[in-house]
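Single-structure report; data block below.
Nothing in this text is a laboratory measurement; each read-out follows from the coordinates by a stated rule. Everything numeric here is computed off the predicted structure, so don't read it as measured data. Neighbour counts run over all protein chains shown; Cβ positions are idealised from the backbone, glycine included.
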Amino acid sequence: MNMTVSFSTFERLKSKGVASYKSGEYLAAKTYLVDAAECMVEMAESAKTAEARRQHEELAAELVDLAKDCDKLHQSPREAKARQREKEGDSGSAASDWIVRDKPTIGFGDIAGLEDVKEEIRLKMIYPFAHPELAKRYGISTGGGILLFGPPGTGKTMIAKAIAHEIDATFFVVSPAQMLSKWVGEAEQNIQKLFDAAKAEPVSVIFLDETEALVPKRKSGSSTVMQRVVPQILQELEGFDRTSDRALLFIGATNKPWMLDEAILRPGRLDAKVYVDLPDAPARYRLLEIYFDDRPMADDVDFGTLCDKLKGYSGADVKNIAQQAAQLPFMEAISGSEARSIAMNDVLTIIERTPPSVHPSDLIRYEKFAESGK
Ligand SMILES: Nc1ncnc2c1ncn2[C@@H]1O[C@H](COP(=O)(O)OP(=O)(O)OP(=O)(O)O)[C@@H](O)[C@H]1O
Ligand SMILES: [Mg+2]
């Protein structure tokens, strides 16, 4: 069988299928997609290596899934209409529905603790922007990539937003799950669109949350999409001209850093790794202030004692405890009692009921990664 002819046939069928799908012609889309899938099955049969064969088969399966989707949409006009509207909203725009473009309003002042993390980020990402002349003179480059890693709920997403705010950048959030599932074979175009949109802004931050989902270690189990997409992201990162007037920061965040493909951690990529740890005592104190100060508090509430009790809890845990503690007097008040302040006992009760969300054994893994990068 002639591979090149077969591949171009496949490409043609697939793009016709996807185009019909997008314009809501589900019956036509289904026919094209099934034909494209058959093409892939044929190519799988004549594949030279087991790996290529598996990739072709996976792609065929993805196409069949999409064809099944067409069947459903064709039979259920209501769902199809909703899907259509969803697509019309983003049609033609550079940043499609899996990219969120934002101008965050939270700053470093809203984040409790993490002083050394903030300082490291100021040095690498904020000062060079604030003092472009000096940065130029000393050959300090602006932009580049950092990876925020650490347990869940420690403020990684918050920090990424705050960085964008501090340098007045346009913030692009990429959700890997959505990006990969959206259209078969369009992940590459999506990445292109993302980088194009980001490069068109004077200063932009691309935030890749759950980095491990998009850039997992390239072992045989990962899907074909990943195998095509990872090298492309790496190329885009390296191709960005850091001496130009425009600036692009790339921030990844993960709570499973050991699952990342090492290639993304090399120089010129996400080369600065920043450990976002659980809050220390002063940070816990600040968290209590942030999450309790707007609520009515009884005089017996002692932040010092609470701060000790909350060792091992994350920022998200503290926020959650504050919310639950506030619910106790609130529930009493709505059932007719006098509206009282939140008492020390309320907070202690909730702390006792709520174990920390991060297990100490997980912390050991983060510390090990912080030390050895593995
Ligand atoms: N250091 C902090 N200062 C203030 N609030 C915090 C801090 N850490 C966490 N929080 C609170 O917890 C919530 C969750 O934090 P965030 O989403 O930034 O965590 P994350 O580290 O990105 O977690 P995940 O790894 O699960 O994505 C925040 O919206 C914020 O309300
Ligand atoms: Mg997060």
Loop-located trypsin sites (Lys or Arg not before Pro) in segment 299-335, at most 12 other Cβ atoms within 10 Å (DSSP): K311
Degrees, to the nearest 10: 344-353 long Cα axis against longest axis of the chain: 40
Choice from V347, V276, V318 showing the highest fluctuation, given a GNM over the chain with Cα pairs closer than 10 Å: V347
Karplus (6.51, -1.76, 1.60) ³J(HN,Hα), θ = phi - 60°, over segment 61-76, in Hz, Gly and Pro reported as x: 5, 4, 5, 4, 4, 5, 5, 5, 4, 4, 4, 4, 5, 5, 7, 10
Percentage relative contact order, segment 3-90, counting C-alpha pairs under 8 Å, at least six apart: 29
Residue exposure sequence - S314, S337, S20 - by fewest surrounding Cβ within 10 Å: S337, S20, S314
Computed FRET value (nearest 0.05) for E332 with T354, which takes r as the C-beta separation and R₀ as 22 Å: 0.65
The chain: antiparallel DSSP beta bridges as a percent of all, rounded to 5: 20
Extension gain (nm, one decimal) between R365 and S15, 0.36 nm per residue minus Cα-Cα: 121.6 nm
Point-charge dipole on Cβ atoms (K/R +1, D/E -1) for segment 281-357, about Cα centre, debye to 20: 320
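Stick to Cα atoms and the Kirkwood definition of Rh, then tell me Rg/Rh for segment 3-90. Mind dumping the intermediate values first?
Values: Rg = 14.3 Å, Rh = 13.4 Å.
Dividing the radius of gyration by the Kirkwood radius yields 1.06.
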Assigned charges on the beta-carbon of Lys, Arg, Asp, Glu; the chain dipole about Cα centre (debye): 980
The chain: Rg to Rh, with Rh as the Kirkwood radius over Cα pairs: 1.05
Net length gained if the chain between R122 and D293 were fully extended (0.36 nm per residue, minus Cα distance): 58.8 nm
Karplus-derived 3J(HN,Hα), 6.51/-1.76/1.60, for each residue of segment 108-120, Hz, glycine and proline x: 4, x, 7, 9, 6, x, 6, 4, 5, 5, 4, 5, 4
Amide H partners (placed H, <5 Å) of K273, local residues excluded: L147
3J(HN,Hα) from dihedral phi, segment 189-194, Karplus parametrisation 6.51/-1.76/1.60, rounded to Hz, x for glycine, proline: 5, 4, 5, 4, 4, 4
Binned Cα-Cα distance frequencies in segment 248-365 - 5 Å width, integer %: 2, 10, 18, 17, 13, 11, 9, 7, 6, 4, 2, 1, 0
Inter-label distance, nm, simple model (7 Å from Cα along the C-beta direction), E42/H74: 2.1
Residues whose placed amide H lies under 5 Å from that of V358, excluding near-sequence neighbours: S314
FRET efficiency, 1/(1 + (r/R0)^6) with R0 56 Å, evaluated for D308 and E238 via beta carbons: 0.75
The chain, relative contact order in percent, only Cα pairs under 8 angstrom and at least six apart counted: 16
Added length on full extension, which subtracts the Cα-Cα distance from 0.36 nm per residue, D196 to E262: 21.2 nm
Summed side-chain charge close to F369 - residues other than F369 whose Cβ falls under 10 Å, Lys, Arg +1, Asp, Glu -1: +3
Residues whose placed amide H lies under 5 Å from that of I342, excluding near-sequence neighbours: M297, A298
Residues H165, H359, H74 arranged by fewest to most Cβ contacts within 10 Å: H359, H74, H165
Most mobile listed residue (T170, T49, T142) in the chain, GNM with C-alpha springs under 10 Å: T49
